[in-house]
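Inspection log for the structure reproduced underneath, given as structure tokens.
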Amino acid sequence: MAILEILEYPDSRLRTQAKPVLHVDDRIRRIVDDMFDTMYAAPGIGLAASQVNVHERIVTIDVSEDKSEPLVFINPEVTVLDGDPETMQEGCLSVPGFYEEVTRVEHCLVKALDRNGEPFELECRGLLAVCIQHEIDHLDGKLMVDYLSPLKRNRIKDKLEKKHKLEARKGKR
């Protein structure tokens, strides 16, 4: 298993639309395992394959306190169930160091394939519902900064570009 490089905003590869997984096989399961290793090491609670430059519809999530409830969603589809939209502070491994208010539905149904290619449905509320929506946005080439005002988005972009230039000079990128 490997820890993969997480792409950071404003990297244009984060805007790539992920393609559906046609066959869940050992290659896909290796990607899933590497994504969990990467997500836990970051540390994070969710990771979309797009964030590690794999443009296939794969999401890993674990919102448990002790990292004991790993969830895999391959080709996920979300249906809004009910409830008012909820505003929560979101962070993102591709937008490190920034936490912003984003409004999403707080109750949804997710249909997906598991790591063995078996279809399943999961009703999600609260943090899990927000997390799955956030990660599916990544698969669609959308980022949490897209929910912010242009002024906030540009400030974040400028700060991260400056950080990336400093890291490049130090040989870290």
Open item on the list: Looking at Arg115, Arg169, Arg173, Arg153 in this structure, which one is farther than 25 Å from Asp62 by Cβ and at pLDDT 95 or above?
Closed with: Arg153
Open item on the list: I need the strands (runs of 3 or more DSSP E) fully contained in the stretch 92-158, keeping only those with at least 2 residues that are open to solvent by 60 Å² or more (accessible area, probe 1.4 Å) and not aliphatic (A, V, I, L, M).
Closed with: 95-105, 119-125
Task: In the stretch 24-55, residue most open to solvent (accessible area, probe 1.4 Å) [restricted to those that are of a type outside the set (Asp, Glu) and part of a loop (DSSP other than H, G, I, E, B)] - done: Pro43
Task: the stretch 12-23 - residue that is in contact with a helix residue (DSSP H, G or I) (Cβ under 9 Å, 6 or more places away or on another chain) and assigned to a loop (DSSP other than H, G, I, E, B) and, of those, farthest from Pro150 (Cα to Cα) - done: Val21
Task: Residues of the stretch 56-71 classified as assigned to a loop (DSSP other than H, G, I, E, B), without any contact (Cβ under 8 Å) to a residue 40 or more places away in the chain and open to solvent by less than 50 Å² (accessible area, probe 1.4 Å), total - done: 2
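The values are calculated or read from the model by the stated rules, or taken from the named source; none is laboratory data. Note that this is a predicted model, so its numbers are computed, not measured. Quick reminder, even Gly has a Cβ in these numbers, built from the backbone with ideal geometry, and neighbours come from all protein chains shown. We work out accessible area using only protein heavy atoms, side chains counted, and drop any ligands, DNA or RNA first. Shrake-Rupley method; radii C 1.70, N 1.55, O 1.52, S 1.80 Å.
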